[in-house]
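Student: Right, I'll just put the structure down here and ask away after.
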Amino acid sequence: SIEGAIFDLDGVIVDTAKYHYSAWKKLANMLGFEFTEKDNEKLKGVSRKESLEILLKIGGKENEFSRAQREELMDIKNNWYLEYIVKLTEDDILPGTKETILTLKEQGIKVGLATASKNAMLILERLKIKDLFDAIVDGTQISRAKPDPEIFLKCAQKLEVDPKKCIVFEDAAAGIKAAKLAGMFAVGVGSLDTLSEADIVVSSLAQLVKELN
Ligand code: G6P
Ligand code: MG
């Protein structure tokens, strides 16, 4: 039986995935190459640093920048991203999110958040949902990015729940892989094309709520 539920943030609770995409696209264009929505799937769930590496490879520029320049490129991208983030409000919480979390809690299931983002605390404050979670693990607390299972195992540990009794909600292929490597039940939130490794796939949490009712 399930004792813990772990949520990804970007693309599951709030549609920030589109803002990450816009900011990375802008950076790619600044560097003189195209960056498509299909390319972007490879960046979902992946850390900022790793994302830049993948992006530079797509543009054939993986050998062009020093470490300091890479830091600068990440800052430029993040500043563009933050322009969107500071405008987030409670209304941006995706439909079905609160219902899903509250339903789980009513059943005595502990609820955690596991995100690679270093902007997570800012986003949670904007959405005013920090208190919904029994445990939070963000990008400042982990050393290995998804698909490594570290982030989910750490969250389960904080929740004091056996990883095998956890269910994960994820919109990224890397996140689904990480959840499976952690021995958890993985719910893909999005499309079956990209999330085929998930145990089940729903198009959104709103759809999940609808199906459960
Ligand atoms: C999430 C997103 C990624 C993002 C990563 C780091 O996992 O899915 O697209 O790159 O977090 O986010 P950050 O806010 O720290 O740049
Ligand atoms: Mg995500």
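Student: Looking at segment 46-54, can you tell me whether even one residue there is surrounded by 13 or more Cβ atoms within 10 Å (Cβ to Cβ) and within 16 Å of Glu170 (Cβ to Cβ)?
Tutor: yes
Student: Taking the stated definitions as given, is Leu159 more than 13 Å from ligand 1 (Cβ to nearest atom), under 18 Å from Gln107 (Cα atoms) and crowded, with 19+ Cβ neighbours inside 10 Å?
Tutor: The answer is yes for Leu159.
Student: Also, quick follow-up: Any residue in segment 201-213 that's part of a helix (DSSP H, G or I): show its pairings with residues that are surrounded by fewer than 17 Cβ atoms within 10 Å (Cβ to Cβ) at Cβ separation under 6 Å, as long as the two are six or more apart or on different chains.
Tutor: Ala206/Pro95; Val209/Glu99
Student: Regarding Tyr19, is this residue within 15 Å of ligand 1 (Cβ to nearest atom), crowded, with 18+ Cβ neighbours inside 10 Å and in contact (Cβ under 8 Å) with a residue 60 or more places away in the chain? Spell out how you get there, then give the answer.
Tutor: Working: within 15 Å of ligand 1 (Cβ to nearest atom): yes; crowded, with 18+ Cβ neighbours inside 10 Å: yes; in contact (Cβ under 8 Å) with a residue 60 or more places away in the chain: yes.
For Tyr19, the condition - within 15 Å of ligand 1 (Cβ to nearest atom), crowded, with 18+ Cβ neighbours inside 10 Å and in contact (Cβ under 8 Å) with a residue 60 or more places away in the chain - is met.
Student: Follow-up. Exactly one of (1) more than 14 Å from the chain's Cα centre (by Cα); (2) modelled with pLDDT of 95 or more; (3) within 30 Å of Asn79 (Cβ to Cβ); (4) within 16 Å of ligand 2 (Cβ to nearest atom) is unmet by Thr194. Its number?
Tutor: In the conditions (1) more than 14 Å from the chain's Cα centre (by Cα); (2) modelled with pLDDT of 95 or more; (3) within 30 Å of Asn79 (Cβ to Cβ); (4) within 16 Å of ligand 2 (Cβ to nearest atom), Thr194 misses (2) alone.
Student: Does Ala23 satisfy the condition of being part of a helix (DSSP H, G or I), in contact with a Gly (Cβ under 8 Å, 6 or more places away or on another chain) and over 25 Å from Ala186 (Cβ atoms)?
Tutor: It is false that Ala23 is part of a helix (DSSP H, G or I), in contact with a Gly (Cβ under 8 Å, 6 or more places away or on another chain) and over 25 Å from Ala186 (Cβ atoms).
Student: OK, next. Here are some conditions: (1) over 17 Å from Glu41 (Cβ atoms); (2) out of contact with any Lys or Arg (no Cβ under 6 Å at 6 or more places or on another chain); (3) among the β-branched types (Val, Ile, Thr). Val201 meets all but one. Which one does it not meet?
Tutor: Every listed condition holds for Val201 apart from (1).
Student: If I ask for residues that are aromatic (Phe, Trp, Tyr) and touching a Phe, Trp or Tyr at 6+ places or on another chain (Cβ under 8 Å), which ones from segment 50-108 would you list?
Tutor: Selection gives Tyr81, Tyr84.
The values are calculated or read from the model by the stated rules, or taken from the named source; none is laboratory data. Bear in mind the structure is a predicted one, so any value in this text is a computation, not a measurement. Every residue, glycine among them, receives a Cβ derived from its backbone with ideal geometry; neighbour counts consider all protein chains shown.
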